[in-house]
Amino acid sequence: TVRVAHQLPGVANNEFSARPYVRGGAANELAVLLDGVRLMEPYHLRDFQGVFSVIDQRIVDSVAVHAGGFPAAYGDALSALMVVEPREPTTLAHELGLSVLYTSLLSSGVFADKRASWLVSARDSNLDRVLADHLGQPSYSDLFLRVTADLGAKHRIVVGGLAFDDDVLLTLQNDPGNRQEAVSDTNSQQGWLKIESTWSDTLSSITWLHATTFASSRREDVADLDE
């Protein structure tokens with residue numbers, strides 16, 4: 001999903017990473033918002049070029065990229081802003097996917113006489129199954145959940161969450177006298193609750209409550225008997 005920004009003017013990329021660099025800024029100067037919540041490092045394999053986005057493209061309704069001049073309400077992004085809005089389900093649908101990159105499950109639907117809906121996406125990496133064992137064992141997974149419900153004619157409640165996990169072992173050399181390997185573990189959970197209220201044709205409000213936990217560790221081991 002984040003890769004769509006690579007086609008826009010003023011956006012640079014090394015053609016391998018999913019991270020966009022806008023107007024000469026660093027990767028961490030781009031703010032990515034999903035359903036109004038700013039995401040923390042929304043890339044899988046973040047210590048190895050950040051190859052994949054944690055946002056499943058099948059849950060996305062629209063992506064807006066602001067390369068400058070965006071409102072202060074969006075926060076303190078320095079170089080650019082990417083606003084990703086999830087789609088609103090209208091019918092019951094289930095999808096099971098299998099590819100070289102990951103196995104996926106998508107479920108969406110409506111209930112309560114179409115006054116409420118759910119959208120669920122889960123993906124689990126297949127990289128550790130297709131990559132040669134002597135190169136390492138990279139794996140990742142992500143889970144997105146969003147439930148909405150109308151509270152009368154003027155209010156709507158939205159409960160959402162995004163969690164992803166990376167567990168990467170990269171082996172460059174594994175000989176007894178020349179060992180080089182790197183281990184990277186990343187775990188993130190973000191949850192949010194918001195109430196959207198329409199008081200009149202000209203007055204509306206959004207009340208937010210959200211929480212974020214993010215943990216990352218990295219370790220490298222090098223053993224060369226000749227040095």
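The values are calculated or read from the model by the stated rules, or taken from the named source; none is laboratory data. None of these values were measured; they are calculated from a predicted model. Every residue, glycine as well, gets a Cβ built from its backbone with ideal geometry; the counts of neighbours run over all protein chains shown. Areas reflect the complete protein model, heavy atoms only, side chains present, ligands, DNA and RNA absent. Shrake-Rupley method; radii C 1.70, N 1.55, O 1.52, S 1.80 Å.
Below are the figures for this structure:
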read-out: Every pair of residues 6+ apart whose Cβ atoms lie under 8 Å, when the first sits in region 112-137 and is open to solvent by 70 Å² or more (accessible area, probe 1.4 Å) while the second is assigned to a helix (DSSP H, G or I); value: Gln137/Asp128
read-out: Selected residue (criterion: modelled with the lowest pLDDT) from residues of region 165-184 that are among the polar types (S, T, N, Q) and over 21 Å from the mean Cα position of the chain (by Cα); value: Asn174
read-out: For Leu151: the one exception among (1) under 18 Å from Val84 (Cα atoms); (2) in contact (Cβ under 8 Å) with a residue 40 or more places away in the chain; value: (1)
read-out: Residue pairs meeting the criteria (Cβ under 9 Å; at least 6 apart or on separate chains; first free of Cβ contacts under 8 Å to residues at least 60 places away in the same chain, in region 84-97; second in a loop (DSSP other than H, G, I, E, B) and surrounded by 15 or more Cβ atoms within 10 Å (Cβ to Cβ)); value: Glu85/Asp35; Glu85/Gly36
read-out: Single residue of region 171-227 satisfying the filter (aliphatic (A, V, I, L, M) and touching a residue at least 60 places away in the same chain (Cβ under 8 Å)) that is surrounded by the fewest Cβ atoms within 10 Å (Cβ to Cβ); value: Ile206
read-out: Flag if Val100 is open to solvent by 60 Å² or more (accessible area, probe 1.4 Å), within 21 Å of the chain's Cα centre (by Cα) and at pLDDT below 95; value: yes
read-out: Cross-chain or 6+ apart pairs with Cβ under 7 Å, region 29-47 first and part of a strand (DSSP E or B), then among the acidic types (Asp, Glu) and open to solvent by less than 10 Å² (accessible area, probe 1.4 Å); value: His44/Asp166
read-out: Positions within region 185-227 being of a type in the set (Ser, Thr, Tyr) and more than 19 Å from the chain's Cα centre (by Cα), in sequence order; value: Ser197, Thr198, Ser200, Thr202, Ser204, Ser205, Thr207
read-out: Search result, residues across region 148-159 that are over 25 Å from Glu41 (Cβ atoms) and either among the charged types (D, E, K, R) or surrounded by fewer than 19 Cβ atoms within 10 Å (Cβ to Cβ) (or both); value: Ala149, Asp150, Leu151, Gly152, Ala153, Lys154, His155, Arg156, Ile157
read-out: Members of region 50-84 that are in a loop (DSSP other than H, G, I, E, B) and either surrounded by fewer than 19 Cβ atoms within 10 Å (Cβ to Cβ) or aliphatic (A, V, I, L, M) (or both); value: Val51, Val54, Ile55, Ala67, Gly68, Gly69, Phe70, Pro71, Gly75, Asp76, Ala77, Leu78
read-out: One residue from Leu33, Leu45, Leu39 being modelled with pLDDT of 85 or more and closer than 27 Å to Val100 by Cα; value: Leu39
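Results for (1) modelled with pLDDT of 85 or more; (2) in contact with a Leu (Cβ under 6 Å, 6 or more places away or on another chain), shown as yes or no for each residue.
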| position | (1), (2) |
| --- | --- |
| Ser125 | yes, no |
| Asp128 | no, no |
| Gly136 | no, yes |
| Ala149 | yes, no |
| Ala163 | yes, yes |
